[in-house]
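K.L.:
Can you read through this structure? Questions will come right after.
The values are calculated or read from the model by the stated rules, or taken from the named source; none is laboratory data. Predicted model, so just to flag it, every value in this text is computed and none were measured. Here the Cβ positions follow ideal geometry from the backbone for every residue, glycine too, while neighbour counts run over all protein chains shown.
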Amino acid sequence: MDPLMHLKEIYLKGNSGIKPIIPLCYEELESKAKKALPKNSYDYIYTGAGKHIGVSNNQSAFKKYAIRPRMLHGNASLDTSVKIFDTQLQSPFLFAPIGVLELAHPKGDLELAKASRNLQIPMIISNQASYSMEAITDTLQNMDRWFQLYFSKNYEFVESLIQRAEETKCSAIVITVDTTILGWRQMDLQNAFLPFTLGKGIAQYTSDPVFKKLMQQKPSSYNKMAITPALIVNMLGALSRFPGSLLSNLVSKDPIKAIRKFIEIYSKPDLNWNDIRWIKSKTKLPLLIKGILRSDDAKIAMQHGVDGIIVSNHGGRQVDHVISSLDALVEIKSQIPASYPLLLDSGIRTGTDAFIALCLGAKSVLVGRPYVYSLAINGHQGVTECMNNFITELHIMMMLSGVKNLNELSPELLVKN
Ligand SMILES: Cc1cc2nc3c(=O)[nH]c(=O)nc-3n(C[C@H](O)[C@H](O)[C@H](O)COP(=O)(O)O)c2cc1C
């Protein structure tokens, strides 16, 4: 859709008394999603690490920049397209990989896939999705997609995930390196809620041939849980979510075995650069690292043949008081060759945030929580509405700043307060 049509439509619908369903103001979006979701689910999406200083750093970093629009430099049409490896983007947005989207919507990943196709915005399919990558790519059809990998303790399983990503025609692999263990997330801890232990968000595992073999092996150790009515309800939920009938799952205990094996192999605390070299040897697809926040790490990544970096602090969910992704982008950009692909993730709340990140050297940006809240409010239509707002606002900002295409976005358009 022509982005300016979206703007006109909003006002014209207003004449018929129809208001936007997805709040344009981020704080209102959060509170509408909060009303729509169970507490544990909302908190899981909302929470950051510790006191949430890292979360707020992400957004306050954008406030440090003022825009210096250029006048009488206008044009009637814009080009917001950009190519990253073989992925042609019509607008510089990607959907950040978000696990356990079933917390926001029962068909989360599939609804997102529909929005991705409608909008032509690629999805980065999460390692912790609630649907297998095969099911998600069936819905995506020809739409471009990338796969986000978490390195687990079992190399054969990681190799199988990479192979499946290639078979399902994902066009890049994104390895997330900031989650070698889970961050200290106060709200989830207070709720004593981790969806994976209920069998949610482990579909890439339970659909994998290597994992299916692994889960039949005895786990090295596990903690017994107190048998309470809540445990019975939760385990029945896990049995019904798992592929196969409730009865056969009850007899085989496969869902319980899968959860235990997942807990045993999930994440690799000793992840290191040899593992990055190992992934490079296993795939011809472009490899991006998500979670780099320092230029020295970025340089090492380049030396290891990594094709691009997603500058990210995981939405402040891992390390409290963490540097904002935007500040990290500026430091990294200043130290590496101009042509090396840097993408920005964490803290994008509006089209104007995207404008600033692109001026500071990001080739494109990842949107996270805003699309998850929109999914919770109105499924794929909610995501489409949210992203059309982002695209249109970016378009307007470019037109009002005298910019014709993304190449013309530069630090020269900004001043630091
Ligand atoms: C609920 C939730 C689940 C997430 N799951 C993943 C994941 O599976 N893999 C991953 O690399 N990042 C994951 N992330 C991080 C996002 O990819 C992204 O870095 C983050 O949402 C950016 O911050 P923002 O949403 O505040 O902009 C998750 C984030 C949230 C909020």
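K.L.:
I need the full set of residues from segment 388-417 which are of a type in the set (Lys, Arg) and within 21 Å of ILE121 (Cα to Cα), in order please.
P.N.:
Matches in segment 388-417: LYS404 only.
K.L.:
A further question on this structure: Quick one: count up the residues across segment 145-159 that are more than 18 Å from the chain's Cα centre (by Cα) and crowded, with 18+ Cβ neighbours inside 10 Å.
P.N.:
3
K.L.:
Determine whether segment 363-374 contains at least one residue that is without any contact (Cβ under 8 Å) to a residue 24 or more places away in the chain, assigned by TED's automatic domain parsing to the domain that holds LEU78 and away from the ligand (no atom under 16 Å from the Cβ). Talk me through it step by step, then tell me what you get.
P.N.:
Just the residues of segment 363-374 that are without any contact (Cβ under 8 Å) to a residue 24 or more places away in the chain, to begin with: none.
Scanning segment 363-374 turns up no residue that is without any contact (Cβ under 8 Å) to a residue 24 or more places away in the chain, assigned by TED's automatic domain parsing to the domain that holds LEU78 and away from the ligand (no atom under 16 Å from the Cβ).
Residues are listed down the side, and each one gets a yes or a no for (1) more than 16 Å from the ligand (Cβ to nearest atom); (2) crowded, with 23+ Cβ neighbours inside 10 Å; (3) at pLDDT below 95:
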position: LEU119; (1), (2), (3): yes, no, no
position: ALA135; (1), (2), (3): yes, no, no
position: MET143; (1), (2), (3): yes, no, no
position: ILE162; (1), (2), (3): no, no, no
position: ALA165; (1), (2), (3): no, yes, no
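K.L.:
So which residues in segment 379-413 are among the polar types (S, T, N, Q) and in contact (Cβ under 8 Å) with a residue 24 or more places away in the chain?
P.N.:
Residues satisfying the conditions are GLN381, THR384, ASN388, ASN389, THR392, SER401, ASN405, SER410.
K.L.:
Basic (Lys, Arg), out of contact with any helix residue (DSSP H, G or I) (no Cβ under 7 Å at 6 or more places or on another chain) and not in a loop (DSSP other than H, G, I, E, B), is that true of LYS83?
P.N.:
Against the criterion (basic (Lys, Arg), out of contact with any helix residue (DSSP H, G or I) (no Cβ under 7 Å at 6 or more places or on another chain) and not in a loop (DSSP other than H, G, I, E, B)), LYS83 qualifies.
K.L.:
Shifting gears a bit: Residues being in a helix (DSSP H, G or I) and more than 16 Å from the ligand (Cβ to nearest atom): count how many of those fall in segment 47-80.
P.N.:
Count: 0.
K.L.:
Which one of these does LEU285 not meet: (1) outside any helix (DSSP H, G or I); (2) crowded, with 17+ Cβ neighbours inside 10 Å; (3) within 15 Å of the ligand (Cβ to nearest atom)?
P.N.:
(3)
K.L.:
Taking segment 159-177 only, how many residues are of a type in the set (A, V, I, L, M) and either touching a Phe, Trp or Tyr at 6+ places or on another chain (Cβ under 6 Å) or under 20 Å from LEU112 (Cα atoms) (or both)?
P.N.:
Residues that pass the stated criteria total 4.
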